[in-house]
Amino acid sequence: MKKFVSVLLLLSILLSIFSYVGANADEGSQLNGWEKIEEIGNLETSEIKKWNASSGDLAGNKVVFSNMTYGVENMRSITLYNKGIASNGNDFSVYPQQADLVTHNGERVIWVDYPAAGNQIAIYIPRIVFDEKYTKDSDYRLRFKAKREKKEAIGNDNLFFYIRTLDEAGANVYQTKGAAIEPSDDYIQYDIVINKESIADNAAGFTGLFHAGGTDAFRNLYIKDIELYVKKDDTPYVVYDMPEFRPEKGMHPRVYFNKNDIKRIKENATHPENKPAYDLLLKEVNTNESGIMVKNDTDNLNERSLGIIQSKAFYYAVWGDENRGKEAIAALKNFLNTCNYRKSEYNTQGFTVFTVGAVYDWCYPLLSEEDKEFFQDMGVKVCSSMEILYPPLYGCTVKGHSAEAQLQRDQLAFAFAVSDEREDIYRNIAGRYFEEFKETREFLYKAHSLPYGSSYTTYRFQWDMLSTYMLKAVGLPDYYGPEQEKALYWLLYARRPDGSVLREGDNQMNNKGTGIYETTGTRAFWLAGNYWKNPYLKGEALRRSKGGVVPVTASGNQSLTAVEFLTFNDPSVGYDTVRTMPLSMYYPAPKGGMIARTGWNEGFDSPAVVADMKINEWWFQGHQQLDAGSFQIYYKGALATDTGYYQAGRDGARYHENEGNTVYGTEHFHNYQRRTIAHNCITVYDPNEPSQNYNGHVNDGGQLYHGQEVEQGNIWNFYKNEDTFHVGKVLGHEIGEDLIQPDYTYLKGDIAKAYGEKVPAYERSFMFLNLKNSDVPAAMIVFDRVVSKDKSFEKKWLLHGLHKPEVNGSRTIFTDTRDGYNGKLTVDTLLPKSDNLKINVIGGEGQEYLVNGVNYWAQTLKDGSNEGGGYRIEVSPASEKEQDYFLNVLQVSDANSSKEVLAPAMIESATHIGAKIADRVVMFGKEKERTNKEVSFAVSGDGNFKFTVADLTEGTWQVKKDGSEFIKIVATTDGGVGSFESTKGEFSLTYLGNYGEKVFTSTPLYSDGINIKVNSKYLYSDVEPTIINSRTMVPLRAIFEALNATVTWDDLTATATGISEDGSTTVKITRDSSTAYVNGKSVNLDSPATIVNGRFLVPVRFISESLGAFVEWDSYSKTVYITKSGDTGFENGVSVIKAVQSGDNGAGAVIDNSIDGDLSTFWAAQGIGEETAWGIYELSEETSLSQVAIAFNRGNERKYTFSIAVSSDGVNYEEVLTDAVSSGETAEYEYFKIPVSKNAKYVKYIGKGSNANAWSNVFEIVFIK
């Protein structure tokens, strides 16, 4: 297989690519089919010219080399400084920047040394200006050899290579993504193809560009054998060998579906679950769409236009309407002829390529030969402009943008569509896809999670699923293997009772409001649930979307489209509740982690505990963080927290300045957010640790940037460099003894490699205990054995929380008492012992993100949950030793409880050390390896205890109690844990041999799966809702308090009385009575109030509607939606009874969010005008409105246009405000006067998009008399 680098290829994948170059038949100085441009690259006759240069206090030279250009006399000069102090404090007199022509190992080479960061450096070689001989309509190929020393530089050890196309004035037209030039002992040959499709129409030439930024530095770069070639003929350029698989020749359709699917699609179109998508499809099919984009010099690609074109083509392929197919072809041709695809970005470019493939395939019988050639050529051109390029050699297929839609859906669909006519296109695209993706995904899916974090996992996984569907359509079902089904299970288990999810990797959870059900990635759950016929996954998607189906919107790249819905939805797959799933789950390598829960109940008051424990066996870079061994705990609040911010505040410098910006690559990002110190881990501080261990960023004493930021290209390079990236190893894991409702969840791992040479040995063990105690529902014991290379290296055991902790001796208490939260975490440090213990508290204003005396602060969002920052404790031994043990017992309880928490006690023996808490005894081995030696310890106290003894050799063990044989237990291969029950005594465990099988039980969890959602928050009730006589019944107090009503109970008459918040409504309801009273008037009940499991259950609809709320029942997700607009908080504000919508974003941004009083939730609707983007609000009274107050999502960045219409009957509307425009300067409320006085019972908001796109995004809307 040939391996080249296409233009714009990130050379961070070149280490794999160039391992094959030497095997090519055309490795010689003259390449077959290529003509060398002789004017470029002759270093033997090259000369160097230097002249003085200065900038402020800096002085040095400008340098050029001859023989580096064609069509222009000189290359652009290189600026080098050798005197003066840079802005970052580096002295260029001490660290001079130099360049020259030198003889190195007997060869004449270019040498550049850039030992200290302080200013950027650019080396522009070679450069060509097009003429009649060498035109922009040719393919070019650049080859050079380079190496640079593996020597410490003062700065980030980075050097990149780019290809930059230039206009006639020499200005930049288009520049490639950076390509890493790696440190190496030997020269690496770089082979880069600049294909003609990638050269812009207004390009007059191009240049190569070696570049290091202002914070980068490198040592002793040597460049030689610089050669530029032009292709001699017009034969298609191919990179990959033909894959073994090819779609069946002549088979159309083949993208997303095939001819055998058409009957099913048509039959399901009118199913109640599919009908909204079918109605939307018909609306798009009947929409006039020319495809002509507005002419300008910016990104003018319109995703809605592409979606409509897809819908028309799909309608022809399924229903056979030729007119719609011809409309799709004509519109797409217009689109491609008028869109500025090079000015766009990879997502929309990819959606364009996918549309080319879809129309080509679905409308194939209608295409002329001229049409086919046009779409083939334009498809390649747009592919060439994408980030992944064409051929798609750029980037990493394990993570990053190249692991998303670009290859898996967009280019692959195009390749499948044209494979009969264009074998070269199929080879170039499908060649890489089939070579890399299957192995990569099969490896990642083994973990039942993905290494992309809470925010990016579903985004990337949706493209995996669309690729899976596409492969199935061409005859390769389940292409990525059966483990794909569980790839989202981590997110199911990471759901917190308050609706958010545990923080993992780079995530935006802190930017969202408290108590809001996180709906990111609904499309991924829906696609996976339907494909794998998994009711938990599809059920999760259904729970996120009121109405029983995932709402479809007008088509777009990030939306679940009507075409996708009709093609992939399986109405036979319904909803099942996760509340019947086991409470703990293990996530194998490459992750190595566990989540343990005590229950699945939702709501702020839920007593469910959620704990995450991780080893992180593999480091995949990207959005993963340096947090091997970390943990989180949630109980009625965020108690043990993950504390960085990502994509919150974005003001201030993005790079190099500590100004609070939180996007990828900022000071907060590199020095705090992704670093070990921001997590519940251990740090080991070596003051002399080389800066490259942290890629030039601050030394936090934590885990290393293994492999720095160098992309590995594909999974094969991670395998090849396993010593670098396989940084941890699970040594034991077990859930038991009940596999569904376990008493304990155990995990142990070796994570020494994550810390590098300074930590020769480090194991962390977790034992999560479900205490099944209402006062202290759970505990976690964390045991660490840490060995440092030098005893002077300071070890710190870190634990983060929101509020300032209370430290009393060896006990620390964290709480979360924000509005609605009521959690407390008590930490007893048993090791180091009290006489060798230091506990420092770090945090508070100005120190929330402190690292080595610098606060790498983060701008937060006003209405976010903002669980980052806060405080941390640093637990350290007072004395210096190479080996230290840490033993911490953590327990959760209610913050407002007056009851004493549990008092743990340490237990130590020759081989083991552990703790007793409540009725549990946990023992950990003192060493890394499991033992087969006798284990002895004593336990005192009253009552029966449950014992778990870890680090036992696999097999059967004899337990003796007080010297007598007591019981035989078995330790498994995976866990190495022995467990038994007993009262107090002296115990000894003796190994009998490697035999026996541990007996586990499975006690099912039962649930009707009924959900109650009040506005945007799920309701907790200690007795689950149930259905009696077709009515949903819910505990009395839960529903009254959720609606802000006061409630009293009369034991004598068994009557509950509820009074609404404003005092206007009184509801009386009596046990077993079919009559209730609302303001004294009797009301008949279909289902009387009753007692179930000691709780008074009442009909939720009757109570809610009596208190002025709007109630809807969603049979698909078994959810009761209760919407109540209370006091608006505005003078003369009118409350809303209910709201209906034209649509939303398919990810939970429903219209109810616009009236929930929460500025962190919003309603999103796509489209222009009342045919596509509208919301209707029914007011609590008919009145004349004077103004409307609206807060827009991203209102400080975009100007939104909208109109307002009113009606008295909900049928006939009159517009009273036309084409109003928001300021674009604030995300707070803006006021818009209504100039026409009309009575309104119903108000229609008509969205007309923004100056950025066709979406309307409303945080809140308030109508004012």
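Since every read-out is calculated from the coordinates, none of them should be taken as a lab result. Fair warning: this is a prediction, and the values are worked out from it, not measured in the lab. Cβ sites come from the backbone with ideal geometry, for glycine too, and all protein chains shown count toward neighbours.
Dimensions of region 597-901 along the principal axes, based on C-alpha atoms and rounded to the nearest Å, stand at 51, 43, 43, largest first. Applying a DSSP loop filter and a limit of 16 other Cβ atoms within 10 Å to the GluC sites (Glu not before Pro) in region 589-670 leaves E657, E659. Among W526, W319, sorting on how many other beta-carbon atoms sit within 10 Å of each Cβ, with the fewest leading, yields W319, W526. Can you give me the C-alpha center-to-center distance between region 232-293 and region 1179-1238, rounded to a whole angstrom? Answer, in whole Å: 40.
Could you tell me the calculated FRET efficiency between H656 and E38, based on Cβ-Cβ distance and R0 = 45 angstrom, to the nearest 0.05? Provide the component values of the computation, followed by the final result.
Values: r = 42 Å, r/R0 = 0.93.
Plugging the Cβ-Cβ distance into 1/(1 + (r/R0)^6) gives 0.60.
The candidate values are (1) 106, 84, 61; (2) 120, 76, 74; (3) 155, 94, 92; the one derived from this structure for Cα extents along the principal axes in Å carries the label (1). From least to most packed, judged by other beta carbons within 10 angstrom and beginning with the fewest, E806, E244, E303 follow the order E244, E806, E303. Residues whose amide H lies under 5 Å from that of D605, counting only those 5 or more places away or on a different chain, are Y1020; hydrogens are built 1.01 Å from N in the peptide plane.
Each residue of region 58-63 is assigned a 3J(HN,Hα), and the resulting list reads 8, 9, x, 9, 9, 9 Hz, derived from the Karplus form 6.51 cos²θ - 1.76 cosθ + 1.60 (θ = phi - 60°), x at Gly and Pro.
Solvent-free Debye calculation, one equal scatterer per alpha-carbon of region 698-821: log10 I(q)/I(0) at 0.12 Å⁻¹ equals -0.72. Phi angles across region 1058-1072 convert, under the Karplus curve 6.51 cos²θ - 1.76 cosθ + 1.60 with θ = phi - 60°, into 3J(HN,Hα) values of x, 10, 4, 4, 8, x, 7, 10, 10, 10, 10, 9, 10, 4, 6 Hz, Gly and Pro given as x. Legend: residue pairs K36/K133; K833/K928; K512/K1241, Cα-Cα distance threshold 24 Å; pairs beyond threshold, K512/K1241.
Evaluated with a Cβ-only charge set (Lys, Arg +1; Asp, Glu -1), region 511-662 carries a dipole of roughly 380 debye about its Cα centre, given to the nearest 20. Of the residues G41, Y575, T1123, the one whose Cα sits farthest towards the positive end of the charge dipole of the chain is Y575 (charges of +1 on Lys and Arg Cβ, -1 on Asp and Glu Cβ, taken about the Cα centre).
Shape class for region 237-329: oblate, because the ratio a/c of the largest to smallest gyration tensor axis (alpha-carbon atoms, square roots of eigenvalues) is 1.5 or more and b/c is at least a/b.
How large is the helix-only mean residue ellipticity at 222 nm for the chain, computed as the sum of -39500 (n - 2.57) over DSSP H runs with n ≥ 4, divided by its residue count, in deg cm²/dmol to the nearest 500? The per-residue figure over the chain is -5000 deg cm²/dmol. Name all residues of region 181-207 having a backbone nitrogen under 20 Å from the label point set 7 Å from the Cα of D167 along its Cα→Cβ direction, giving them as ranges. So the set is 198-207.
Between Q175 and E965, the distance separating the two model label sites (each 7 Å from Cα on the Cα→Cβ line) works out to 7.8 nm. Put a plus charge on the Cβ of each Lys and Arg, a minus charge on the Cβ of each Asp and Glu, and nothing anywhere else: the dipole of the chain about its Cα centre is then about 900 debye.
Screening the chain for whole DSSP H helices of 18 Å or more along their axis (Cα) with average Kyte-Doolittle hydropathy at least -1.0 returns 303-319, 322-338, 346-362, 369-385, 453-473. Spin-label pair S55-Y664: with each label point 7 Å from Cα along the Cα-Cβ axis, the two points sit 2.7 nm from one another.
Maximal additional length on extending the T1003-D974 stretch stands at 8.3 nm, based on 0.36 nm per residue less the C-alpha distance. Rounded, prolate or oblate, given the Cα gyration tensor of region 596-739, with a/c below 1.5 counting as rounded? Oblate, because a/c is 1.5 or more while a/b does not exceed b/c.
Full extension of the chain segment joining T1218 with D790 gains 146.8 nm, where the gain is 0.36 nm per residue of separation less the Cα-Cα distance.
Stretching N1132 away from V854 to a fully extended chain increases their span by 95.2 nm, per 0.36 nm per residue minus the current alpha-carbon distance. Projecting the Cα positions of L1107, F245, Y744 onto the charge dipole of the chain (unit charges on Cβ atoms of Lys, Arg, Asp and Glu, taken about the Cα centre) puts Y744 furthest along the positive direction. Between the C-alpha center of region 335-364 and that of region 564-620 there is a gap of 37 Å. Counting every other Cβ atom within 10 Å of each residue's Cβ, T519, T45 order from fewest to most as T45, T519. Here's the picture: charge each Lys and Arg Cβ at +1 and each Asp and Glu Cβ at -1 in the chain, and of L1036, F416, A1173 the one pushed furthest to the positive end of that dipole is L1036. Coupling constants for region 1184-1193 follow from the phi torsions by the Karplus curve (6.51 cos²θ - 1.76 cosθ + 1.60, θ = phi - 60°), and in residue order they are 8, 9, 9, 6, 10, 10, 9, 10, 9, 5 Hz; glycine and proline get x. Shape verdict for region 259-580, please, from the Cα gyration tensor: rounded (a/c under 1.5), prolate (a/b greater than b/c) or oblate. Prolate.
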